[in-house]
1. Take the Cα pairs of the chain, get the Kirkwood Rh, then feed it into Stokes-Einstein at 10 °C and 1.306 mPa s and tell me D in µm²/s.
2. Given region 96-170, report the % of alpha carbon pairs whose separation exceeds 19 Å.
3. Of all trypsin sites (Lys or Arg not before Pro) in region 8-75, which ones are in loop regions per DSSP and have a Cβ with at most 13 other Cβ atoms within 10 Å?
4. Roughly speaking, what is the centre-to-centre gap between region 40-97 and region 354-371 when only Cα atoms are used, to the nearest Å?
5. Can you list which of the DSSP-assigned H helices in the chain have a Cα extent of 18 Å or more along the long axis and an average Kyte-Doolittle score of at least 0.0?
6. So how much slack lies between Asp144 and Phe177, counting 0.36 nm per residue of separation and subtracting their Cα-Cα distance, in nm?
7. On a full-extension model of 0.36 nm per residue, what is the gain between Gln157 and His37, subtracting their alpha-carbon distance, rounded to one decimal in nm?
8. What GluC sites (Glu not before Pro) in region 209-269 are in a loop by DSSP, with at most 11 other Cβ atoms within 10 Å of the Cβ?
Amino acid sequence: MKQYDYLIAGAGVFGAIFAHEMSKRGKKCLVIDRRGHTGGNTYCKNIEGINVHIYGAHIFHTNDERIWNYVNSLTAFNRYTNSPLAMYKGKLYNLPFNMNTFQQLWGVITPEEAKRKIEEQISEVAIKKPGNLEEQALSLVGTDIYNYFIKEYTEKQWGRKATELPPEIIRRIPIRFTYDNNYFNDKYQGIPIGGYNRLTDALLKNVEVKLGIDYITNRSVLNELAEKIIYTGTLDELFDFRLGNLEYRSLRFDHQLKETPNYQGNAVINYTEKNIPFTRIIEHKHFEFGQQKHTVITKEYPLEYSPQNGAEPYYPINDHKNDLMHSRYRNLALDTGNLILGGRLADFKYYDMHQVIASALKAVQKEVESL
Ligand code: FAD
């Protein structure tokens with residue numbers, strides 16, 4: 001009989017939910033993380049009373065009432081509604097693409113005028129079968145929306161020309177013919193009052209946590225401690241990169257304290273032109289309607305990822321080659337009997353938080369049924 005039922009490597013959303021649920025069922029869990037804090041990428045650092053999303057802006061949104069009730073039973077959420085803006089050549093436009101954007105772009109007032117404008121531009125480019133991202137976007141929204149908001153922004157994000165990117169990256173571009181700047185279509189959205197650490201703390205309240213411990217480098221000792229291992233890190237690293245490196249895009253965050261109460265008047269402003277090297281500026285206090293004396297902003301710079309350059313793996317590049325490599329790594333993991341994989345890194349998928357919660361709850365249910 002080992003000391004713990006579960007050793008959970010990774011104190012992000014997946015690990016915290018799994019630990020919380022299994023502890024509630026009387027199981028002994030130890031959560032470890034290689035970082036010096038819990039919460040994974042949702043972690044917030046308090047700077048002058050402002051919860052700074054140091055791994056990128058996180059806005060909770062979901063259509064699933066069960067998930068919304070679950071998170072609200074742990075901590076209260078505010079009524080924040082994401083309404084980002086786009087800056088292009090010194091002018092601001094509303095997002096997502098809606099009647100406000102079309103009014104700012106073309107001076108049109110009615111949905112009919114806006115529709116006509118977009119349809120005209122789509123028929124002018126006359127693309128039947130898009131062969132790359134540029135052609136795909138042009139065939140969906142026409143030239144102006146593509147040139148102002150998509151082309152240069154996407155090229156910055158991916159570090160490649162839009163004509164060299166596959167069309168599948170953009171399957172659809174949401175367009176709204178109403179004056180509605182709410183970015184998400186989901187029924188529920190908000191930010192935990194007091195920041196995301198409140199959610200993590202509530203999940204891990206009765207769970208033993210050890211920080212600054214890397215599962216990979218300590219696995220021989222750690223494996224002896226628990227009956228089962230829950231691993232939420234990358235699979236190539238788990239198997240010493242023996243089948244190759246999984247590819248990701250990364251980001252560099254430049255956090256700055258500004259001695260002004262309000263820097264940009266909105267939480268999120270995207271910079272869509274190519275000669276500005278960052279993709280967006282986040283002003284964190286606006287997520288919680290902060291009234292602090294000063295403010296903290298973050299500029300996000302797209303970055304190449306390699307396991308060796310110290311960058312974080314943020315966005316998986318889900319092309320055929322990487323997906324195949326990931327499934328081969330997954331097969332190796334299946335041969336390891338007492339190992340459960342979960343979370344965005346081990347699954348090699350971009351997950352929003354509500355999706356990770358749903359997948360962690362599913363993993364818990366599967367585990368409970370197997371006991
Ligand atoms: P993570 O949060 O990455 O947690 C994994 C943890 O495992 C990390 O703490 C890591 O240090 C640890 N770990 C890894 N390997 C090891 C090891 N070998 N030993 C010990 N510990 C290890 N979602 C939304 O819903 N809304 C948003 O607005 C949103 N914005 C985002 C913006 C950005 C820039 C990014 C990158 C993501 C965003 N997300 C957003 C997604 C959200 O961050 C994820 O859904 C969620 O954090 C995933 O949780 P996780 O537990 O799977 O992974």
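1. 71 µm²/s
2. When all Cα pairs of region 96-170 are counted, 36 percent exceed 19 Å.
3. Arg25
4. 25 Å
5. 353-370
6. 10.3 nm
7. 40.4 nm
8. Sparse-neighbourhood loop GluC sites (Glu not before Pro): Glu259.
Read the figures in this text as sums done on the coordinates, not as results from a lab. What you see is a predicted model, and the numbers here were worked out from it, not measured in a lab. Quick reminder, even Gly has a Cβ in these numbers, built from the backbone with ideal geometry, and neighbours come from all protein chains shown.
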